[in-house]
Structures are given as C-alpha cells and as structure tokens.
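The values are calculated or read from the model by the stated rules, or taken from the named source; none is laboratory data. Small disclaimer: the values here were computed from a predicted structure and weren't measured. Here the Cβ positions follow ideal geometry from the backbone for every residue, glycine too, while neighbour counts run over all protein chains shown. Accessible surface areas use protein heavy atoms only, side chains included; no ligands, DNA or RNA. Shrake-Rupley method; radii C 1.70, N 1.55, O 1.52, S 1.80 Å.
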Amino acid sequence: MKRLFLLFILVQLSQTAMAATEGRFVQKNNMFPRVEITTTMGKIIVEMDRSKAPITVNNFLTYVMDGSYKGTVFHRVERDVENDRDFVIQGGGYDKEYDGVYEGDPIFNESGNGSKNDMYSIAMAYQDRQPHSGTRQFFFNMDNNDHLNPGKDWGFAVFGMVMEGYETLDKIMQVETGFNEKIGYDFVPKTPVVILNITVLEPTPL
C-alpha cells in the first residue's frame, strides 16, 4: 500500500512538472510577458500580448520553456527586392543543419485580434497557405507589411512587439543569403544566424 501511495505521489509530481512547462502556466497573471532572445548577432527583447493573442503567446512560451528553440536558426531573411524594402526574418523551425525540429499540434489563427503586421512586430508563421497550421515558426516584420493582415482571407497573427534589440534585427537583415538545397528555399543566410537561447524575463514593476 505504501508503495502504491509513493507511486501515486511520483505520478502527481511528474504531471505537475510537465504542466509547469506549458505556456499557459508561465506568469499566468501577466498579460504582457517579455522574453529575451539571444542570437549569434545580438539580443532582442519582445513583449507579448496575451490580451489579444492568448493562444499564440501561450504556444510560443511552451516552446520557450521546453528549451527547443535553443540551437534553431533564422532560416529566412527576405527582402522585397522589387519594391526595394525589407520584408521578414523568420525562424524557430530548423536546426543549424537545416533539419526540421519537433513540432507540437497546430494552433488556431488569431490574426483577427486587431494587431497589425507593422515593423518590428512578431507574428506566427503558417505553412502552405493553411491559416491554422502554425506550430513553432515565428517571424519579425521588418517593414509595415499590410498585406499580411487579415482581409477577406486569414492573415498572420501578431502576438507581440520588439521592445529592445532593433539594431540586432537590422544587422540580421543585412546578412548574405542564397538558395538552400536542403530546404529548397531562397533567402537563407549563408552563415547561420542561430538562436542561442530564449528566456522569460521577470515582470516589469508597474
């Protein structure tokens, strides 16, 4: 009986530990959690908005808490050459060898939350024009990308804004890119820009 009781306690503790890594439990009373993204080219601080994009923020924080963004790269640094302007910096889905990394279940697209794909905002990426296919990849808007906002169709869900580290993103935007045969994509940095870590910051006092 004692062994069964101990086993029960261990199971409960393991379930609690697992639950604690879910994004919805991270600073659950803080509507605007902040993270620091450390890259090989500098740091970026992002403030997220749970009031407008709770599903997306909690999903992102789940990947932050399990540490699986560590060692991933920004695989897309794209300029709109035709219009001579910057476009997006996208990452979080591939390791340094450009192999795909673990993906959880896709999430609901919160692009109708009123937040716009303006310069230095962060948004959830999705695949193959399937608006509810987003899992872990995210991107920074490097210009005011109005065409990524919802209209007759779904847009891309903005879930936060860059608060510090604009210069880091500007540097990343200047890296040399080219076609990568492994992922079959243009605009891939020739020298990988790696996410070394993402950490949740302590809430800022009011």
Quiz item: touching a residue at least 24 places away in the same chain (Cβ under 8 Å), of a type outside the set (A, V, I, L, M, F, W, C) and over 14 Å from residue 76 (Cβ atoms): does that describe residue 203?
Solution: yes
Exercise. Working carefully through the options 159, 108, 187, 139, find the one that is part of a strand (DSSP E or B) and more than 17 Å from residue 45 (Cα to Cα).
Key: 187
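Any residue that is assigned to a helix (DSSP H, G or I), open to solvent by less than 40 Å² (accessible area, probe 1.4 Å), at pLDDT below 95 and not charged (D, E, K, R) - is there at least one of those in segment 23-42?
Of all residues in segment 23-42, those assigned to a helix (DSSP H, G or I) come to 23-25.
Filter again for open to solvent by less than 40 Å² (accessible area, probe 1.4 Å), leaving 23.
Still in the running and at pLDDT below 95: none.
No; the residues of segment 23-42 include none that is assigned to a helix (DSSP H, G or I), open to solvent by less than 40 Å² (accessible area, probe 1.4 Å), at pLDDT below 95 and not charged (D, E, K, R).
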Practice problem: Examine segment 82-99 for a residue that is open to solvent by 20 Å² or more (accessible area, probe 1.4 Å) and aliphatic (A, V, I, L, M), and state whether such a residue exists. | Solution: no
Exercise. Please work out if residue 203 is open to solvent by 10 Å² or more (accessible area, probe 1.4 Å), over 24 Å from residue 66 (Cβ atoms) and part of a loop (DSSP other than H, G, I, E, B).
Key: no
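Could you count how many residues in segment 127-151 are over 16 Å from residue 115 (Cα atoms) and open to solvent by 20 Å² or more (accessible area, probe 1.4 Å)?
Initial filter on segment 127-151 (over 16 Å from residue 115 (Cα atoms)): 127-137.
Adding the requirement that they be open to solvent by 20 Å² or more (accessible area, probe 1.4 Å) leaves 127-133.
Of the residues in segment 127-151, 7 are over 16 Å from residue 115 (Cα atoms) and open to solvent by 20 Å² or more (accessible area, probe 1.4 Å).
For segment 162-179, enumerate the residues that are assigned to a loop (DSSP other than H, G, I, E, B), in contact (Cβ under 8 Å) with a residue 40 or more places away in the chain and either out of contact with any Gly (no Cβ under 9 Å at 6 or more places or on another chain) or open to solvent by 40 Å² or more (accessible area, probe 1.4 Å) (or both).
The answer is 175, and nothing else.
Going by the structure shown, is residue 79 at pLDDT below 95 and in a strand (DSSP E or B)? Reasoning before the result, please.
Working: at pLDDT below 95: yes; in a strand (DSSP E or B): yes.
Judged against the criteria, residue 79 is a match.
Taking into account only those residues within segment 82-98 that are assigned to a strand (DSSP E or B) and over 15 Å from residue 142 (Cα atoms), which is nearest to the chain's Cα centre (by Cα)?
The selected residue is 92.
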Exercise. For segment 46-76, enumerate the residues that are open to solvent by 40 Å² or more (accessible area, probe 1.4 Å), in a strand (DSSP E or B) and in contact with a Gly (Cβ under 7 Å, 6 or more places away or on another chain).
Key: 47
Quiz prompt | Answer residue from segment 187-200, given it is in contact (Cβ under 8 Å) with a residue 40 or more places away in the chain and open to solvent by 60 Å² or more (accessible area, probe 1.4 Å) and is nearest to the chain's Cα centre (by Cα) among those | solution = 196
